[in-house]
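Everything below concerns the one structure shown next.
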Amino acid sequence: MDVTIYEVAQRAGVSIATVSRTLRGTGPVASKTREKVLKAVEELNFTPSRLGVSLAEGRHAANGIVFPSLSGPYYTEVLLGYEEVAAELGRSVLILSTAGRTRVRDLVKDLAGRVDGLLIFGHTAPDDVVTELVQVGMPLVFVSREPLAGADTLRSENTASARLLAGHLLEHGYEHFAYLGAPLVSGDDVDERWQGVRSVLGGAIEAVATGQYTVEDGYDAALRLLRRQRPQALVCSDDEVALGALLAAEELGLAVPDDLAVTGWDDIMAARHARPALTTIRQPMRELGARAARALDELITGARSTPNHLTLTTELVIRASCGIHPQEEPP
């Protein structure tokens, strides 16, 4: 891996800002200090990067957000929560959506060089770039990712709620299941949901890949599955996939929930107004964004230097699509 400005600063026994001033000639540096820095640069064969130098200068009054996509209600809600708080704090927001983009590594590093801190969704940024960002001291907050050393992580609870949902379906007699939204990355939200339901249902549930977590991909995956076999219940990775599954069931002449139970995750507005209304797990999407903005501001301003790892509470919401109405639940 390339040498970072942080390593040069450590070797010379100075701050990364001092290294930056020395290399760019943008401020006073004592001659002995300059000699230390240049010696460290030579010994480490360091080539200055825009990322490290820009971070050392640190005068942007802007935050960056790296999302895999900006389509869909989940990302919209998280972004709304983030921007509301960022506006209160007087920070502008630069957004990078990596969907369909090439050179993601370069795009993330370029954005990092233009902002004071980054919010990164899950595993959107390549691991080597994340490692470099941590090494140079970039303030970082990750949403929907397992705890990571050197950065804040913020996510909604997945595993316990997935177990609760699976247990709820078992208690009411369902025996054969499919999970739409097979996990793509170990440790992310969708994977945790899969691990949770599988820990309760075991071999009674199979994972079915959807590609992306959208209505269209949910529809396609459900259509393919239901044409070859008939599980009693579809446990979907998110509400958009579940809404696609409802459309596929309708096209095949299947009544939900009489012929097929369907559940989602997130509790987006469309889930409440679907026909039938969707049983789902409610997660605080806008709160995720708001808390991420405040956490990043704390790291940027130095109000806090120790990373936090926070998990927000989720809630099982029972509606008609699983065949068990709320009034049928025991008190």
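Inspect the stretch 264-287 for any residue being farther than 24 Å from H168 by Cα and touching a residue at least 40 places away in the same chain (Cβ under 8 Å) and give the result as yes or no.
yes
Pick from L96, L111, L79, L119: which is over 29 Å from L243 (Cβ atoms) and at pLDDT 90 or above?
L111
Of these, A245, A270, A277, A255, which one is in the same structural domain as L164 (by TED's automatic domain parsing), crowded, with 22+ Cβ neighbours inside 10 Å and not polar (S, T, N, Q)?
A245
Which of the residues belonging to the stretch 156-207 are β-branched (V, I, T), more than 23 Å from L312 (Cβ to Cβ) and in contact with a Gly (Cβ under 9 Å, 6 or more places away or on another chain)?
Matches in the stretch 156-207: none.
For a quick check of your reading: which strands (runs of 3 or more DSSP E) sit entirely within the stretch 133-228 and have at least 2 residues that are aromatic (F, W, Y) and at pLDDT 95 or above?
Result: 177-180.
Which numbered condition trips up R101, out of (1) in contact with a helix residue (DSSP H, G or I) (Cβ under 9 Å, 6 or more places away or on another chain); (2) farther than 16 Å from N308 by Cα; (3) crowded, with 22+ Cβ neighbours inside 10 Å; (4) not hydrophobic (A, V, I, L, M, F, W, C)?
The number of the failed condition is (3).
Given the residues A99, A87, A125, which is the only one that is without any contact (Cβ under 8 Å) to a residue 60 or more places away in the chain and either of a type in the set (K, R) or not in a loop (DSSP other than H, G, I, E, B) (or both)?
Selected residue: A87, the only one of A99, A87, A125 that is without any contact (Cβ under 8 Å) to a residue 60 or more places away in the chain and either of a type in the set (K, R) or not in a loop (DSSP other than H, G, I, E, B) (or both).
Are there any pairs, at least 6 apart or on different chains, whose C-beta atoms fall under 6 Å, with the first in the stretch 238-262 and closer than 26 Å to E315 by Cβ and the second crowded, with 22+ Cβ neighbours inside 10 Å and of a type in the set (D, E), and if so, which?
As it stands, the answer is D238/D266; D239/D266, since those pairs meet every condition given.
Given the options L119, L80, name the one that is of a type outside the set (S, T, N, Q), outside the structural domain of V185 (by TED's automatic domain parsing) and in a helix (DSSP H, G or I).
Selected residue: L80, the only one of L119, L80 that is of a type outside the set (S, T, N, Q), outside the structural domain of V185 (by TED's automatic domain parsing) and in a helix (DSSP H, G or I).
Has the stretch 17-30 got any residue that is at pLDDT below 80, part of a loop (DSSP other than H, G, I, E, B) and either assigned by TED's automatic domain parsing to the domain that holds D297 or small (G, A, S) (or both)?
yes
The values are calculated or read from the model by the stated rules, or taken from the named source; none is laboratory data. Predicted model only: the values in this text are computed from it and were never measured. Cβ sites come from the backbone with ideal geometry, for glycine too, and all protein chains shown count toward neighbours.
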